[in-house]
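Below is one structure, written out as structure tokens; the observations come after it.
Every number in this text was worked out from the coordinates using simple rules, so none of it is lab data. Just so it is clear, the structure is predicted and the values come from calculations on it, not from any experiment. Here the Cβ positions follow ideal geometry from the backbone for every residue, glycine too, while neighbour counts run over all protein chains shown.
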Amino acid sequence: MRTDQHFPSLFSKKDLTKNADGSTDIVFSPTKPGDNPNWIQTIPGKSWFTIFRLYGPLEPWFDKSWKLEDFVEVK
């Protein structure tokens, strides 16, 4: 089963719209919330997963001092 977004993805280099404070909100939901461009469509009652792809990681990745922020607000 697919959504209307056949390849649902966002890219930090071109697609994401940032908030005034520099943070980024990404919305995962079946329906688009207003005109929010950072939206990934989901299917009601179906699970989904997130993949973070890193290109050219630096030393903090290899020495394990870099951590992906784990703050997620579910509304």
remark   = CD proxy, 222 nm, the chain: helix-only mean residue ellipticity via -39,500 (n - 2.57) per DSSP H run with n ≥ 4, per residue, nearest 500, stands at -1000 deg cm²/dmol
message = Multiplying the sequence separation of Thr24 and Ile51 by 0.36 nm and subtracting their Cα-Cα distance, what value in nm do you get?
response = 8.1 nm
(i) 12.8, 35; (ii) 14.6, 41; (iii) 12.3, 43, with the label sought being that of the calculated Rg and Dmax of the Cα atoms in Å = (ii)
request  = Please identify, among Ser29, Ser47, Ser65, the residue showing maximal mean-square fluctuation in a Gaussian network model of the chain using a 10 angstrom Cα cutoff.
outcome  = Ser65
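Let me know the charge dipole size of the chain about its Cα centre in debye, to the nearest 20, where only the beta-carbon of Lys, Arg (+1) and Asp, Glu (-1) is charged. The partial results should precede the final answer.
Values: 10 positive and 10 negative charges, 62 e Å.
I would put it at about 300 debye.
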request  = Using only alpha carbon pairs under 8 Å that are at least six residues apart, calculate the relative contact order of the chain and give it in whole percent.
outcome  = 23
